[in-house]
1. So is residue 97 closer than 21 Å to residue 184 by Cβ, surrounded by fewer than 19 Cβ atoms within 10 Å (Cβ to Cβ), touching a helix residue (DSSP H, G or I) at 6+ places or on another chain (Cβ under 9 Å) and in contact (Cβ under 8 Å) with a residue 24 or more places away in the chain or not?
2. Restricting to segment 10-34, and then to whatever is in contact with a helix residue (DSSP H, G or I) (Cβ under 7 Å, 6 or more places away or on another chain) and surrounded by fewer than 18 Cβ atoms within 10 Å (Cβ to Cβ), can you tell me which residue is nearest to residue 109 (Cα to Cα)?
3. Residue 144 versus (1) more than 28 Å from residue 25 (Cβ to Cβ); (2) in contact with a helix residue (DSSP H, G or I) (Cβ under 6 Å, 6 or more places away or on another chain): which is the lone unmet condition?
4. What about residue 161, is it within 19 Å of residue 72 (Cβ to Cβ), within 16 Å of the chain's Cα centre (by Cα) and touching a residue at least 24 places away in the same chain (Cβ under 8 Å)?
5. If I filter segment 117-124 for residues that are part of a helix (DSSP H, G or I), under 22 Å from residue 34 (Cα atoms), over 12 Å from the mean Cα position of the chain (by Cα) and without any contact (Cβ under 8 Å) to a residue 60 or more places away in the chain, do I get at least one hit?
6. Out of the residues in segment 174-196 meeting the condition of being outside any loop (DSSP other than H, G, I, E, B) and over 17 Å from the mean Cα position of the chain (by Cα), tell me which one is surrounded by the most Cβ atoms within 10 Å (Cβ to Cβ).
7. Return the residues of segment 130-149 that are without any contact (Cβ under 8 Å) to a residue 24 or more places away in the chain and either within 17 Å of the chain's Cα centre (by Cα) or under 11 Å from residue 73 (Cβ atoms) (or both); say none if nothing qualifies.
8. Is it fair to say residue 169 is part of a helix (DSSP H, G or I), touching a strand residue (DSSP E or B) at 6+ places or on another chain (Cβ under 9 Å), at pLDDT 95 or above and surrounded by fewer than 15 Cβ atoms within 10 Å (Cβ to Cβ)?
């Protein structure tokens with residue numbers, strides 16, 4: 001797996017075809033665009049709709065991984081949860097919508113530790129994760145943890161969610177231009193033509 005940001009072509013192409021031979025390449029463009037979009041107040045997202053759609057224009061140039069790595073939760077960048085707009089309720093709701101989008105979008109998934117339960121502070125390599133957020137009764141952190149579990153189960157159970165990540169047949173836009181309502185709808189498809197329709201409203 002390669003983390004590469006120079007737009008060098010063929011990172012995940014076999015060496016005998018002129019590539020570097022990596023299986024996957026981090027899609028840093030997708031990560032930056034989607035995080036930039038999600039940090040906006042929802043009322044302004046209609047003016048940045050292309051940040052969610054642009055990634056499909058180059059999606060099949062490499063075998064991409066959608067990375068929310070350690071690099072995104074250090075050095076003053078804030079936690080993924082803290083990048084979401086609004087009060088606590090809105091931050092968690094936006095994060096859940098974002099994870100749903102990430103799991104449904106073509107590409108393998110990389111979610112750095114702590115993000116699976118919406119840790120609220122940046123990662124600190126000198127301290128443990130904030131496991132205390134999962135202590136006691138049911139709370140919003142438990143909800144995100146269950147969501148990630150359920151997204152993983154859905155992803156694993158339905159081939160349409162992953163089998164053709166790197167084949168254009170596996171994805172088709174149904175609604176791509178409804179920027180006024182921040183709605184996007186697409187189809188994910190497996191080799192046998194089984195389909196899942198994904199609808200996102202941000």
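1. Taking the combined requirement at face value, the residue satisfies it.
2. 29
3. Unmet for residue 144, out of (1) more than 28 Å from residue 25 (Cβ to Cβ); (2) in contact with a helix residue (DSSP H, G or I) (Cβ under 6 Å, 6 or more places away or on another chain): (1).
4. So residue 161 fails the test.
5. So far as segment 117-124 goes, yes, one or more of its residues are part of a helix (DSSP H, G or I), under 22 Å from residue 34 (Cα atoms), over 12 Å from the mean Cα position of the chain (by Cα) and without any contact (Cβ under 8 Å) to a residue 60 or more places away in the chain.
6. The extreme case among them is 189.
7. Correct list: 146, 149.
8. Answer is yes for this residue.
The values are calculated or read from the model by the stated rules, or taken from the named source; none is laboratory data. Given the structure is predicted, the values throughout are model-derived calculations rather than measurements. In this analysis, Cβ positions are derived from the backbone assuming ideal geometry, glycine residues included, and neighbour counts consider all displayed protein chains.
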